[in-house]
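Reading through the structure tokens given below for one structure.
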Amino acid sequence: MTAIADPPRWRVNASRFRAAHEADWAELDRIVTLIERKSVRALDDDALLALPVLYRTTLSSLSVARETSLDRALTRYLEQLCTRAYFQIYGVPGRIWRQIADFFVEGWPMAVRALWRETIAALLLTLAGTWAGYLLVRHDPAWFYGIIPGGLADGRDPAASAASLQKMLYSGAHGPLVTMATALFTHNAQIAIFAFALGFAFGVPTALLLLYNGLMLGAFVAIYAAKGLGFAFGGWVLIHGTTELSAIILAGAAGFRIGHAIAFPGRLSRSGSAVAAGRTTGMVVVGVVLMLLVAGLLEGIGRQTILVDSERYAVAGTVLAGWLTYFYLPRGRRAKA
Amino acid sequence: MRKPKAATSLRRPFVTPEGVSLPLDLGGAGERAAAFLIDVILLVAMLIAMSVVLGLMMRGTAKGESEEAIGIVWLLGFFLLRNFWFAAFEIGRRGCTPGKRLLGLRVIARNGARLTGGAVIVRNAMREIEIFLPLSFLGVQAANGLADRFLTIFALAWTGIFLLFPLFNRDRLRIGDFFAGTWVVHTMRSDLGSDLAGDPAAALRRSFTPAALDLYGVFELQTLENVLRRGDGDAIATVAGVIQRKAGIAYDPDARAFLTDYYAALCLRLETGLMVGKRRQDKHGRISKTHVVRG
């Protein structure tokens, strides 16, 4: 009889507050724990609908508790519960497939276009390096040994005969194709990521890497051109080179953007400018790795099986045209529903 | 001082879109290094396991083939793990690698927005210059012997700047965090402890004079709460003894019950003050006016 008429008479406000809202907090705690342990898909519809409401209720409980309660365990519990709920509601990445689709449709080409100035700079540096390497080796073949590390030359040096040089261009498979493609891909991708990360030092190491890359290319061109094999060498290098060089130039461009953001933040704060640059260049770097994967396949497999110069040039041109179209062809903005 | 400085300096306020400030505890440099080490160990263990399994599977086939397969696994596996192990985990809902998870850390965006895949990739691509550049310098120098000691020292010092970058800024940001706009925080969870002042019978058991309750303020109340929740018998007896001596109360054999009742009474008194806008911060009696009064 007295059980209903006589509720427990709490003396402290915090106790009343706890009793009134504890069920809501426990429910939010249960839902958030479920999401953390499993996934958001583990929730039924009711829980999904309740989540934002419970979150706001708990947030307002926290505000009240901070002002009226002296129970520290209570405020700490509410703070941590709200933080956990916040990150499950606002802070998680979007759906992974959605992110991947957005990356290919919009993110990657837009990021590449945003780097057009840096891309031109990186392209010019590579060309300058190539030109310099060509002139140096042409003028004095001894330069070749200064530019190319011994292991990389692999018998292709100014002393090699035209026949042996030619043999290398059309040797076809020497060694397991897949291993070779893999090795080329991982090596190049690592260098590209490196070139990007080095942009942090104001872009100077990135510029040096690009120049050196050009120098090596130019040095090889020089020894082949001297034997009258320039055209054949072009096909040999460009079949994957159009993709690989574009990728390295883009990686360098991303590095320049990073360095530029640090050195000249403009109107933004230095860290704000770094974050903006990071957002753009991150997309480009992922793209570069993908491009190098394509290049590795073209080099390891395509080049070993396609042995005719004109076909090699055709593949090179097609692939390059494909990349350029994908990156730079103006396209209408997708209509937003 | 009340709190050790190191503990407060890694706490960052963070305001939700609803306008409530939530505290975030940043991960310390030591914890993060430990998490990284755990991940590296897992990574190497996985590579070795993969090679062993492949080696066993390939035992029947020709020698060249199995060597090729293992070669590819190593090349590709090493590349993928080195560059994407961290990113793949951090893109997930938990925002942490296994190592971070073990240490209770997660990656979040500094502005509180969604953590994007791009940000995660950037923060991990930057690891190239933070970890692998110093390592490769060490490797090259070790391979060449002590050819140029000065150059080695210079290179190590230069790369050390990247490696030790987190120690040079307040937020313990790696270079990767700096560019990605992320930081690493503790994933906290605590239980809602029992309601210490919730027993309606407390007032019937023991009553305290106003003078005995005027001894302390909010800070002491919350310290008392900590002592009670921790439940260490010696500490409770000591604290109870001090309070009894100061308040001139006779010795009470049940220290825990005494302290609980004293806590409830003190809490009620201070909370009543709070309701009329008087917040007594500590025993020195500083009173700060609160702006919001709710009943």
Checklist outcome for this item: 1/(1 + (r/R0)^6) with r = Cβ-Cβ of A:D46 and A:L320, R0 = 41 Å, i.e. FRET efficiency to nearest 0.05, evaluates to 0.15
Item to check | Relative contact order [Cα under 8 Å, 6+ residues apart], chain A, whole percent | outcome: 21
Checklist entry - How large is ³J(HN,Hα) for each residue in segment A:275-285, as worked out from phi by the Karplus curve 6.51 cos²θ - 1.76 cosθ + 1.60 (θ = phi - 60°), to whole Hz, x for Gly and Pro? => result 5, 4, 5, x, 5, 5, 6, x, 4, 4, 5
Checklist entry - Which whole number gives the average count of other chain Cβ atoms within 10 Å of the Cβ atoms across peptide B:178-188? => result 5
Checklist entry - Given a Förster radius of 45 Å and the C-beta distance between A:I191 and A:D24 as r, what FRET efficiency does 1/(1 + (r/R0)^6) yield to the nearest 0.05? => result 0.25
Item to check | Förster radius 51 Å - calculated FRET efficiency between B:L156 and B:A257, Cβ distance, rounded to 0.05 | outcome: 0.25
Item to check | Full-stretch length increase - B:L56, B:A88 - with 0.36 nm per residue and alpha-carbon distance subtracted | outcome: 8.7 nm
Checklist outcome for this item: For segment A:9-92, the dipole about the Cα centre with charges only on Cβ (Lys and Arg +1, Asp and Glu -1), to the nearest 20 debye, works out at 340
Item to check | Max mean-square fluctuation residue, GNM over chain A, Cα-Cα springs under 10 Å, options A:V315, A:V40, A:V285 | outcome: A:V40
Checklist entry - When chain A is treated as a GNM, springs tying every alpha-carbon pair under 10 Å, which of A:I301, A:I100, A:I262 comes out with the largest mean-square fluctuation? => result A:I100
Checklist entry - A:L34 versus A:I100, label points 7 Å from Cα toward the beta carbon: distance in nm? => result 2.8
Item to check | Phi to ³J(HN,Hα) by Karplus 6.51 cos²θ - 1.76 cosθ + 1.60 over segment A:209-225, Hz, x for Gly, Pro | outcome: 4, 5, 4, 5, 4, x, 4, 4, 4, x, 5, 5, 4, 4, 6, 6, 4
Checklist entry - Can you work out ³J(HN,Hα) from phi for every residue in segment B:123-131, in order, using Karplus 6.51 cos²θ - 1.76 cosθ + 1.60 and θ = phi - 60°, giving whole Hz and x for Gly and Pro? => result 5, 8, 5, 5, 4, 3, 7, 7, 10
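State the Kirkwood hydrodynamic radius of segment A:222-337 in Å, one decimal place, computed from all pairs of distinct Cα atoms. It would help to have the intermediate numbers written out before the result.
Working: mean 1/r = 0.0606 Å⁻¹.
So the Kirkwood estimate lands at 16.5 Å.
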Checklist entry - Just A:S63, A:S271, A:S246 to compare: in a GNM of chain A, with alpha carbon springs under 10 Å, which one fluctuates most? => result A:S63
Checklist entry - So how far apart, in nm, are the two label points at B:A247 and B:L47 if each is 7 Å from Cα heading toward Cβ? => result 6.5
Checklist entry - Which far-off residues, 5 or more places away or on another chain, put their amide H under 5 Å from the one on B:L105, with H placed in the peptide plane? => result B:T187
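When the chain is fully extended, how far beyond the present Cα-Cα distance does A:A226 get from A:L329, taking 0.36 nm per residue of separation? Before the final figure, lay out the partial values.
Numbers: separation 103, 0.36 × 103 = 37.08 nm, distance 3.84 nm.
Net length gain for the segment: 33.2 nm.
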Next on the checklist: I'd like to know which of A:S15, A:S63, A:Y90 lies farthest towards the positive end of the charge dipole of segment A:9-92, counting +1 on Cβ of Lys and Arg and -1 on Cβ of Asp and Glu.
Outcome noted: A:S15
Checklist entry - Rg (Å, one decimal) plus Dmax (Å, integer) for the alpha carbons of segment A:9-92? => result 13.4, 43
Next on the checklist: Given points 7 Å out from each Cα along the Cα-Cβ axis, report the B:R11 to A:E67 separation in nanometres with one decimal.
Outcome noted: 2.1
Checklist entry - Over chain A, with a single point scatterer placed on each C-alpha, what log10 of the ratio I(q)/I(0) does the Debye formula yield at q = 0.07, 0.10, 0.15 1/Å? => result -0.49, -0.75, -1.22
Checklist entry - Rounded, prolate or oblate: which one fits the protein assembly as shown, using the alpha carbon gyration tensor with axes a ≥ b ≥ c (rounded when a/c is under 1.5, else prolate when a/b beats b/c, else oblate)? => result prolate
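Values in this text are rule-based calculations from the coordinates and carry no lab data. Bear in mind the structure is a predicted one, so any value in this text is a computation, not a measurement. Don't worry about glycine lacking a Cβ; one is built from the backbone with ideal geometry, like all the others, and counts go over all protein chains shown.
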